[in-house]
Structure formats: structure tokens, C-alpha cells
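Here the structure is laid out as C-alpha cells; the discussion comes afterwards.
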Amino acid sequence: MGPLVAATALRIWLLATGSVTFNADEAVVALMARHILRGETPAFFYGQSYMGSLDAYLVAGGFALLGESVTTVRVVQSLLFALIMVVTYALALRLADPIGASAAAWLMAVPPVVVSLYTTATLGGYNEVLLLGTLCLLLGHYVAHEHRDRLWMWAT
């Protein structure tokens, strides 16, 4: 619980002090989210044919709940980062012991500057990739160690 509180306090401080500037990538995600709320269904980040639009759909959900603002974009990113921390803790708990899991959570809670930036502002799906990648590791470990005799589980 301590690492999650520390990470939340860091995010609040970053947002309150204006330490993370609003940039063009965030503006595009916010614009896509606005368009999603108006009925569009983009599959890719505007102007590209390789990066998906999951971030924009998540921000659109935030806009629907909290209104359209830069703060809402940052709140969505902060919630994603909180999920990343929970999943990282769960993965570390499976791989190590409670002390190791706690250490992993603390390392995530007070990250280097670049990680703080990329997980506070929306810069190309960084949070989503971290979350989905960590979930894949967690689920892969679960299947490999608790269901290795059930081949059908590897398909999920």
C-alpha cells in the first residue's frame, strides 16, 4: 500500500506543479478521444499505420466520466500506472518473496525521471504496453508453473 500511496503523491505533485508539459502527442490522443465520443472508431493513431488507438479509447472513457481536459488525460495515465504497479507487485510476488515484491513496487513507485514522464503524460501507448507486457509475463508464469499439463491454456 505504501508504494501506491507514494506513486499517487508523486503524480499529484507532478500535476499540481505543472512539471509535465502538454505536448503534441497528447493533443492528438485527446483529439482522437473527442472524436471517439462523437462516434468515430479509429484503429490506429492518427497519421500512422502501426500504433494502435487503445490509449485514445481509454482517454475517451475518462472524458465521458470527468469531462474533456488535460487533467483527465493525466488522470487516465495515472490510473494505468497504478494498475501497472499492482500487476508488477503480483508478478514479483510470484517470482520472489514478499520482500522482493515490495522492493519491486517501491522501484516502480519512485521511478527515474523518464519513466515518470512517460507514465504521467500519454506518449505513444507507453502505459498500455507496460501493463499488457507485465500481464503477459504474469499469466505466462501462471500457465507455465501451475497448468503446464493443460495445453489448451497456452492458447489463451
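Is it the case that some residue within region 24-46 is closer than 18 Å to Pro111 by Cα, at pLDDT below 95 and in contact with a Leu (Cβ under 6 Å, 6 or more places away or on another chain)? Among the residues of region 24-46, not one is closer than 18 Å to Pro111 by Cα, at pLDDT below 95 and in contact with a Leu (Cβ under 6 Å, 6 or more places away or on another chain), which makes the answer no. Checking Ala96, Ala105, Ala121 one by one, the residue that is modelled with pLDDT under 95 and under 13 Å from Pro3 (Cα atoms) is Ala105 and no other. Checking each residue in region 109-135 for being touching a helix residue (DSSP H, G or I) at 6+ places or on another chain (Cβ under 9 Å), β-branched (Val, Ile, Thr) and within 19 Å of Val87 (Cα to Cα) picks out Val110, Val115, Thr119, Thr120, Thr134.
The test for being at pLDDT 90 or above, at negative phi and hydroxyl-bearing (Ser, Thr, Tyr) does not hold for Thr21.
Of the residues contained in region 4-11, none is found to be touching a Phe, Trp or Tyr at 6+ places or on another chain (Cβ under 7 Å) and either surrounded by fewer than 19 Cβ atoms within 10 Å (Cβ to Cβ) or at pLDDT 95 or above (or both). Could you check, for region 96-103, whether at least one of its residues is buried (at least 17 other Cβ atoms within 10 Å of the Cβ), over 17 Å from Ser19 (Cβ atoms) and not aromatic (Phe, Trp, Tyr)? Checked region 96-103: at least one residue is buried (at least 17 other Cβ atoms within 10 Å of the Cβ), over 17 Å from Ser19 (Cβ atoms) and not aromatic (Phe, Trp, Tyr).
Table: residues versus (1) without any contact (Cβ under 8 Å) to a residue 40 or more places away in the chain; (2) in contact with a Lys or Arg (Cβ under 9 Å, 6 or more places away or on another chain).
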site: Arg38; (1), (2): yes, no
site: Val70; (1), (2): no, no
site: Arg74; (1), (2): no, yes
site: Ala105; (1), (2): no, no
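Can you find even one residue in region 131-142 that is under 15 Å from the mean Cα position of the chain (by Cα), closer than 17 Å to Ala30 by Cβ, part of a helix (DSSP H, G or I) and not charged (D, E, K, R)? There is no residue in region 131-142 that is under 15 Å from the mean Cα position of the chain (by Cα), closer than 17 Å to Ala30 by Cβ, part of a helix (DSSP H, G or I) and not charged (D, E, K, R).
To keep it simple, each residue is scored yes or no on (1) over 14 Å from Ala121 (Cβ atoms); (2) surrounded by 14 or more Cβ atoms within 10 Å (Cβ to Cβ); (3) among the hydrophobic types (A, V, I, L, M, F, W, C); (4) out of contact with any helix residue (DSSP H, G or I) (no Cβ under 9 Å at 6 or more places or on another chain).
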residue: Ser19; (1), (2), (3), (4): no, no, no, no
residue: Met32; (1), (2), (3), (4): yes, yes, yes, no
residue: Leu54; (1), (2), (3), (4): yes, yes, yes, no
residue: Val76; (1), (2), (3), (4): no, yes, yes, no
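Cβ separations smaller than 9 Å between residues 6+ apart or across chains give the following pairs from region 124-140 residues that are within 22 Å of Arg94 (Cβ to Cβ) to residues that are at pLDDT below 90 and of a type in the set (Ser, Thr, Tyr): Asn127/Tyr118; Asn127/Thr119; Leu130/Tyr118; Leu130/Thr119; Leu139/Thr156. Among all positions in region 84-102, there is at least one residue which is more than 19 Å from the chain's Cα centre (by Cα), over 17 Å from Leu130 (Cβ atoms), not aliphatic (A, V, I, L, M) and not in a helix (DSSP H, G or I).
The values are calculated or read from the model by the stated rules, or taken from the named source; none is laboratory data. Just so you know, these numbers come straight off a predicted model, no measurement behind them. Using ideal geometry, Cβ is built from the backbone for each residue, glycine included, and neighbour counts are taken over all protein chains shown.
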